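Okay, so here's the structure we're looking at.
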Amino acid sequence: MSDSPEVIVRKRSVSSSNSDLIGNINKTLGHKLDPRVMNAMLSVDRANYCQASYPLKDRPESIGYGQTISAPHMHAYALDMLKDQLVEGAKALDVGSGSGYLTACMAHMVGRTGSVVGVEHFPELVELAINNLQHDQPELLESERVKILLGDGRQGHEKDAPYNAIHVGAAAKQIPQPLIDQLKPGGRMVIPVGGSWYQQLFQVDKLANGKIVKKSITDVAFVPLTDVEY
Ligand code: SAH
């Protein structure tokens, strides 16, 4: 994802530790972070998912293959939008899992009885996320609380559906129907929708009666969801 909007964060923080980074995001986000979101982000050290010189700067960083790990405040924002769905025992899907950082944060929020599937279409990034998780949080892989799979995330992952929460980390031209179909009633998807450069971050709720309610939340700038030849 490229730089995310100044409406969300007015001042980019530079931090000396992961906890300092989360504390700074909490001050600059414009609203207080949910304590469960904060705890999840405190449990996953971004420096283990990002090889940049300044992994604790609040900005996106390259993870290779033209892709980026999103800025920490954007991760915080997305987790906050999904906090009521990312509860103990929930099932979640992270489309475009990239570095594996957000997938790990989601896994902390769904707890020991929940699970998160990350879907990524670059085999090298599947390997990167697995290596990062093996180094930082091996128990998430060993317990199968987290799975990172190769595939086209626009198709979701039918086998483990329905999901309480779906996060899409790259921009869609339209909301993929399989992702809507794979949401549980009461579930929520967070997805950037729009053109190649700027999009709207949408919250898509599937109500208990199955009705779909879409709401545009803010302007964002994500890399696009793309096709890859395997
Ligand atoms: N959330 C991740 C990565 C965000 S970048 C992180 O913060 O580390 C967007 C990711 O989406 C990239 O890893 C990119 O390879 C992936 N992606 C793009 N199109 C995709 C598709 N069709 N299916 C699965 N992953 C895709």
V168: of a type in the set (V, I, T), within 12 Å of L82 (Cβ to Cβ), within 14 Å of the chain's Cα centre (by Cα) and open to solvent by less than 60 Å² (accessible area, probe 1.4 Å), yes or no?
yes
Residue check, E88 without any contact (Cβ under 8 Å) to a residue 12 or more places away in the chain and over 25 Å from L225 (Cα atoms):
no
Filter result (in a loop (DSSP other than H, G, I, E, B) and near the ligand (Cβ under 9 Å from one of its atoms)) within the range 72-97:
G96, S97
Those residues that are in a helix (DSSP H, G or I) and closer than 21 Å to H73 by Cα, I need them from the range 101-132; list them, please.
Y101, L102, T103, A104, C105, M106, A107, H108, M109, V110, A129, N132
From the list V119, V95, which residue is touching a His at 6+ places or on another chain (Cβ under 6 Å), modelled with pLDDT of 95 or more, of a type in the set (V, I, T) and surrounded by 17 or more Cβ atoms within 10 Å (Cβ to Cβ)?
V119
Selection count, the range 171-203, where residues are open to solvent by 30 Å² or more (accessible area, probe 1.4 Å), over 24 Å from P72 (Cα atoms) and of a type in the set (S, T, N, Q)
2
Hey, any hits in the range 47-58 for a residue that's away from the ligand (no atom under 12 Å from the Cβ), within 15 Å of the chain's Cα centre (by Cα) and open to solvent by 10 Å² or more (accessible area, probe 1.4 Å)?
no
Matching option when the condition is farther than 22 Å from V146 by Cβ, outside any helix (DSSP H, G or I) and more than 15 Å from the ligand (Cβ to nearest atom), among K32, K27
K32
How many residues are open to solvent by 50 Å² or more (accessible area, probe 1.4 Å) and either without any contact (Cβ under 8 Å) to a residue 12 or more places away in the chain or in a strand (DSSP E or B) (or both) if we restrict to the range 217-230?
4
Residues that are within 11 Å of the ligand (Cβ to nearest atom), assigned to a strand (DSSP E or B) and within 18 Å of V87 (Cα to Cα): does the range 139-158 have at least one?
no
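The values are calculated or read from the model by the stated rules, or taken from the named source; none is laboratory data. Remember, predicted model here, so these are calculated numbers, not experimental data. No Cβ is skipped: glycine too gets one built from the backbone with ideal geometry, and neighbour counts run over all protein chains shown. When the accessible area is computed, the model is the full protein with side chains, heavy atoms only, and any ligands, DNA or RNA have been set aside. Shrake-Rupley method; radii C 1.70, N 1.55, O 1.52, S 1.80 Å.
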